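Report on one structure; see the data block that follows.
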Amino acid sequence: MKRKLERFRIIEERQNVIEPSKPAYTTIKGKWRSDHFKNQNPITLELACGRGEYTVGLAALFPDRNYIGIDIKGERIWKGSTWAVERNLSNAAFLRTEISFLEAFFLTSEVDELWLVHPDPRPKKRDIKRRLTSPRYLDMYKKLVKPEGFIRLRTDNTGLYEYTLETLQLRSDIKDLAFTSDMYASELRPECFDITTRYEEEFVAKGEKVKYLRFRFIH
């Protein structure tokens, strides 16, 4: 508990973390570029970012883009924000909030791209609406991600992968859908930049295949 409280104290003082205790938490909507990043570069979100491996990895690869990792767990965000500070990545930020609240933090079409990297698969039937690729979340992404922006899912969970494909194929507003049930053996692999997370390494070591899909909305 002492270590957790200390990490909460640290992120409360960090410039690269937006959380409820900070004034920017209620004013940042529409102002990420002007007030936080101080540039007009494209914005990519990583939802349910966990420790932020993807946010930090992408920020290091693409310094001309802005990356925001979003998660509700402060201790996880502490890790990603620490990596960003250690690597002097001013284009990496973290937002501590529930994913369902995204529209309180971003304007319509303010986001250029969106990543879901090993999100909680919510396997129980009663939790279908909580899956981050359920229709209500997809409708929200369509508002926030600009036309032509990609939404990308990377998961080890076969159930979530198949559910997402079925959900997308039932919609009439999806285009440029590409997918693979074995990302590491696929021609789509370069799109993922070989950035891995701790959990993915554990899954792969057990013989799990990493699934990947991406698509855009028709506006």
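Of note:
- Assigned charges on the beta-carbon of Lys, Arg, Asp, Glu; segment 1-102 dipole about Cα centre (debye): 200 debye
- Evaluated over segment 1-134, the count of Lys pairs having alpha-carbon atoms less than 23 Å apart is 14 (only pairs 8 or more residues apart or interchain).
- Over the chain, the fraction of Cα-Cα pairs per 10 Å bin, rounded to whole percents and listed from the shortest bin up, is 8, 34, 38, 18, 2, 0.
- Residues Phe150, Phe106, arranged from fewest to most other Cβ atoms within 10 angstrom of their Cβ, appear as Phe150, Phe106.
- Listing Tyr67, Tyr54, Tyr184 from fewest to most neighbouring C-beta atoms within 10 Å gives Tyr184, Tyr54, Tyr67.
- In plain terms, the residue of Ile128, Ile18 with the fewest other Cβ atoms within 10 Å comes first and the most crowded comes last, giving Ile128, Ile18.
- Spin-label model, Asp139 to Phe62: label points 7 Å out along the Cα-to-beta-carbon direction sit 2.9 nm apart.
Read-outs throughout are calculated quantities, based only on the coordinates presented, and are distinct from any laboratory measurement. The shown structure was predicted, so the numbers you read here are calculated from the model rather than taken from an experiment. Positions of Cβ are generated from backbone atoms using ideal geometry, with glycine treated the same way; all protein chains shown enter the neighbour counts.
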